[in-house]
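If you scroll down you'll find the structure; I have some questions about it.
The values are calculated or read from the model by the stated rules, or taken from the named source; none is laboratory data. Since the model is a prediction, treat every value here as computed from it, not as a measurement. Every residue, glycine as well, gets a Cβ built from its backbone with ideal geometry; the counts of neighbours run over all protein chains shown.
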Amino acid sequence: EDQVTQSPEALRLQEGESSSLNCSYTVSGLRGLFWYRQDPGKGPEFLFTLYSAGEEKEKERLKATLTKKESFLHITAPKPEDSATYLCAVQANSGNTPLVFGKGTRLSVIA
Amino acid sequence: KAGVTQTPRYLIKTRGQQVTLSCSPISGHRSVSWYQQTPGQGLQFLFEYFSETQRNKGNFPGRFSGRQFSNSRSEMNVSTLELGDSALYLCASSKGGAGGANVLTFGAGSRLTVL
């Protein structure tokens, strides 16, 4: 069974304090690993898709990396507006399987 | 372009009642997926429809059902509501083509409270 575990559950950072969120996964062949951001009262918003180990993608202060067993979302010099829940999901490489999500990391950035 | 639209945004029901939620996908997207989100379980997959056919189904009881219309709009229904059905129900659409990694675009969700 495909599984995604995210850690930590919650993270509190001072503005400018860089850190990383972890997403560990087990999947029977990876088609894609996805990162989403979710603000309170809203649906998840797509950030990145990673397809193979060694791949990296960047967007503003966020950088996502992928290994064969986990992905990291690095946040460089975060700002209060980066506060949100970050969700990781995987899609297996068999047919049209649905995305399996982790429970997310709730990030708070304090000014 | 318009995003994924879900209605209603909020609703309150009592145990035993039924509810129907609606989702209008992004124009041109043929796949609609439904997820249930709760604080304890996170996002759990309910079902996916593609071209009016259920393509995938999650591990939920038969009280949860859905359908998709020819214009790709989708509805989900929950019958005989239980307290545990209180959740945020999220709809997501994608192009849904075979073989590719499906980037889902989510709506804002329908917040269901069962009393």
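I'd like to verify a number: residues in the range A:75-111 that are closer than 12 Å to B:Leu43 by Cβ and among the charged types (D, E, K, R), how many?
The number of residues fulfilling the criteria is 1.
Residue by residue, here is whether (1) surrounded by fewer than 15 Cβ atoms within 10 Å (Cβ to Cβ); (2) facing chain B (nearest Cβ under 10 Å) holds:
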residue	(1), (2)
A:Gly43	no, yes
A:Leu47	no, no
A:Gly54	yes, no
A:His74	no, no
A:Pro80	yes, no
A:Thr85	no, yes
A:Asn96	no, yes
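Pairs needed: first member in the range A:57-82, under 17 Å from A:Ser108 (Cβ atoms); second member anywhere, among the hydrophobic types (A, V, I, L, M, F, W, C) and part of a loop (DSSP other than H, G, I, E, B); C-beta distance under 8 Å; at least 6 residues apart or different chains.
Listed pairs, sorted by first residue: A:Arg61/A:Ala77; A:Pro80/A:Ala111.
Checking A:Leu13 against (1) without any contact (Cβ under 8 Å) to a residue 60 or more places away in the chain; (2) away from chain B (no Cβ under 14 Å); (3) surrounded by 15 or more Cβ atoms within 10 Å (Cβ to Cβ), which single condition isn't satisfied?
It is condition (1) that A:Leu13 fails.
Which of the following residues is surrounded by 13 or more Cβ atoms within 10 Å (Cβ to Cβ), among the hydroxyl-bearing types (Ser, Thr, Tyr), under 27 Å from B:Ser110 (Cα atoms) and more than 14 Å from chain B (Cβ to nearest Cβ): A:Ser19, A:Ser24, A:Ser108?
None of the others qualify; the one that does is A:Ser108.
Can you go through B:Ala92, B:Ala87 and tell me which one is surrounded by 14 or more Cβ atoms within 10 Å (Cβ to Cβ) and within 11 Å of the chain's Cα centre (by Cα)?
B:Ala92
Could you list, in sequence order, all residues of the range A:1-25 that are of a type in the set (S, T, N, Q) and at pLDDT below 95?
Scanning the range A:1-25 gives a single hit, A:Gln3.
Restricting attention to the range A:27-41, which residues are loosely packed, with under 13 Cβ neighbours inside 10 Å and of a type in the set (S, T, N, Q)?
Answer for the range A:27-41, where residues must be loosely packed, with under 13 Cβ neighbours inside 10 Å and of a type in the set (S, T, N, Q): just A:Ser28.
Checking B:Pro39 against (1) without any contact (Cβ under 8 Å) to a residue 12 or more places away in the chain; (2) more than 21 Å from B:Arg15 (Cα to Cα); (3) within 14 Å of chain A (Cβ to nearest Cβ); (4) out of contact with any Phe, Trp or Tyr (no Cβ under 7 Å at 6 or more places or on another chain): exactly one of these is not met. Which one?
Single failed check for B:Pro39: (2).
Conditions first: (1) more than 9 Å from chain A (Cβ to nearest Cβ); (2) touching a strand residue (DSSP E or B) at 6+ places or on another chain (Cβ under 7 Å). B:Leu90 passes all but one, so which condition is the exception?
All conditions are met except number (1).
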